Every structure is written in structure tokens, then in C-alpha cells.
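**Q** My questions will all concern the structure given below.
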Amino acid sequence: MSASHKPRFALAAVSLTVAGVAASVLAASASPASSAVARPALAAYSRPAAPAGLSALTPDHHRANFKKGVGAWPFPKARSALAKSGVSWYYTWAVNHPGIVTARGVSFVPMIWGARNVTARQLKQAKQHGHILLTFNEPDLGAQANMTVNKALRLWPKLMATKMRLGSPAVAFGGATPGLWLDRFMKGAASRHYRVDFITLHWYGGDFTTSDAVSQLQSYIQSVWNRYHKPIWLTEFALWRFNPSVFPTPSGQAAFVTAATAMLRRLPYVWRYAWFALPADGGDGTAGLFRPGAIATAAGRAFERVP
């Protein structure tokens, strides 16, 4: 996402719930998510055994809404919408949040969006907002950060020098697929002894049946955990087919909000999630949570009720 607006209109679909289709989507670059994709044989809402290696949990992780977050950009009464949403954190695809006043009890998490943002000034700004840094937005898409793995690895030491906790670059799809962008980045980071503290993912679902969509999302997250064994931040997700944009009904999107967040709360290795997105500005169909004036949509009302 852009640091100043939402440029996802007519972009590539990023709902890859079956690793086997990742290579074909990469080749297509902008092929839409499809409900015709074979679904994994995973029971909906299944609860995995608690994994080892998550001993770094802090007391904040036990707050009821610790995981709950949202992506946001400025719109009328954004502060009120943040407060009504019940999130504990938000981000703006940038190192700051111009045009948004942070609501009481909500934290802002900065992001270095792309290569051009790796500057001394922006890194200094990021450090002023805490100890966590999100990094490179969809580097595997030409319309987004559009970075080679080698470029990202060359810049990574500058991010490590901030001493902040670093999320991996947030790939659009194929996070668990051998040979795709994230896999090559993580192997390169390991070979160089670079620090990556958690994995950042995006997911958009093209199957509008609630139970199937939740199962597909869980399967994808599970596969990424199985591959890297690092905590996961899901920083964009919704039901949305691309090119052309197609959305579920308002009630269908709301049902997915309720069911998906319940699943995410149960997964111990999912440390945070952020819905896409806080504003409902007409271009995001049924996915946006609040219209100007902090008026909740059907998805927004469902999100408000999420613990």
C-alpha cells in the first residue's frame, strides 16, 4: 500500500491459500483470486497445538485486544473510528500518521514501505514511534514496493541498525512456497546471519463461503508457520477478488470478520492482525469498516464486536 493513499485498485490478487498455485499467480502478476481454486482439506476453525519457541510473549500479549489492528489512511473522524473499532494498534504504510490523531489506548506501528524510504530521516522517525518496524510492502508486486530479493537484503543491515524488532517484507502471496520471494529472502537472511523477528503476511480471499474462506486463511498461515517457525503478523486481509473487483455481500463480509478474527485469536503464533481497512471510501466495496464521520459499515459493526 502507498504511504499516502490506497493504490490497490486493479492490483494483483493476493489470496493464495494453496501453495501449488503460487507459481502460476506469480507468472500472471495480476491474475484474480478465484473461488475455483481447490481448497485444502482442513477443518474450519481447527485449533492447532501450541507451538514451541514463543517464549518471548510480553504481558501486553495477554490483553484481550492485543492482536487486533487495522490499516488506515486519513478520513473525517478517523480518530473516532479508531476508538470505536476497539483496536490496540494501527499502521499507515508509512513511518508517521499525518492526518490521523491516534486514539487513546491505541498504538501506532511505523513501516518502511520500500527502498526509497530507507533513509536516515525516515528511520529516525520510525524509532520515535516505538520498538517495532514493519518493512517493505509487497516487494513481489511491480505496482507496490517492487524490489528484488538482493536489493532487500542489501538494505536490511540499515534496518537492523535501528535495533527495532523487524518484520519480514510483506509479500503479496506464496509466503510458504519454496523458491518464491519470501522463501529466497529468508534463506538469504539466514545465510548472512541477519535478524528477522517475525513474518508479515497479506491475504485476500476469493471464496466468499465463510467457513471455506476461514479454513483457507488458516491453512496459509499454518503453512508459513511450519516453514519459518517465527511469529506471524497478518497485516492485510479481507474477502476481495481483483481485476475486476468483486466483493461478498455486506453480511458475508461481516460474517468473515467475525469468524476469521476468532480463528486468529486462537492461533498462538499469530501475534497481530490488521484488517484492510479502517476507511470505507467506496473503492473497497464491503471491506471498509467506517464511512466518513466514523459511521460503521456492516463489516465495521462486526469488527467493533470483536474482543
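The values are calculated or read from the model by the stated rules, or taken from the named source; none is laboratory data. Being a predicted model, the structure only gives us computed values, none of them experimental. No Cβ is skipped: glycine too gets one built from the backbone with ideal geometry, and neighbour counts run over all protein chains shown.
**Q** If you go through the range 211-232, how many residues are closer than 17 Å to Thr249 by Cβ and surrounded by fewer than 22 Cβ atoms within 10 Å (Cβ to Cβ)?
**A** Summing the residues that are closer than 17 Å to Thr249 by Cβ and surrounded by fewer than 22 Cβ atoms within 10 Å (Cβ to Cβ) in the range 211-232 gives 2.
**Q** Among the residues of the range 95-116, how many are assigned to a strand (DSSP E or B) and touching a Leu at 6+ places or on another chain (Cβ under 9 Å)?
**A** 1
**Q** So in the range 117-152, with the set limited to residues that are in contact with a Pro (Cβ under 9 Å, 6 or more places away or on another chain), assigned to a helix (DSSP H, G or I) and not basic (Lys, Arg), which one is surrounded by the fewest Cβ atoms within 10 Å (Cβ to Cβ)?
**A** So, considering only residues that are in contact with a Pro (Cβ under 9 Å, 6 or more places away or on another chain), assigned to a helix (DSSP H, G or I) and not basic (Lys, Arg), the one surrounded by the fewest Cβ atoms within 10 Å (Cβ to Cβ) is Gln125.
Conditions (1) within 25 Å of Tyr228 (Cα to Cα); (2) modelled with pLDDT of 75 or more; (3) assigned to a strand (DSSP E or B), marked per residue:
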residue	(1), (2), (3)
Ala22	yes, no, no
Ala30	no, no, no
Ala36	no, no, no
Ala44	yes, no, no
Arg47	yes, no, no
Ser55	yes, no, no
Asp60	yes, no, no
Trp93	yes, yes, no
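**Q** Moving on. Out of all the residues in the range 174-197, which are in a loop (DSSP other than H, G, I, E, B), in contact (Cβ under 8 Å) with a residue 40 or more places away in the chain and over 17 Å from Asn226 (Cβ atoms)?
**A** Result: Tyr194, single match.
**Q** Being part of a loop (DSSP other than H, G, I, E, B) and crowded, with 21+ Cβ neighbours inside 10 Å is the filter here, so list the residues in the range 247-265 that pass it.
**A** Pro248
**Q** Under 23 Å from Ala126 (Cα atoms), surrounded by fewer than 20 Cβ atoms within 10 Å (Cβ to Cβ) and more than 19 Å from the chain's Cα centre (by Cα), is that true of Leu159?
**A** In short, no.
**Q** Residues in the range 97-156 that are in contact with a strand residue (DSSP E or B) (Cβ under 9 Å, 6 or more places away or on another chain), free of Cβ contacts under 8 Å to residues at least 24 places away in the same chain and of a type in the set (Ser, Thr, Tyr): how many?
**A** Residues in the range 97-156 being in contact with a strand residue (DSSP E or B) (Cβ under 9 Å, 6 or more places away or on another chain), free of Cβ contacts under 8 Å to residues at least 24 places away in the same chain and of a type in the set (Ser, Thr, Tyr): 2 in total.
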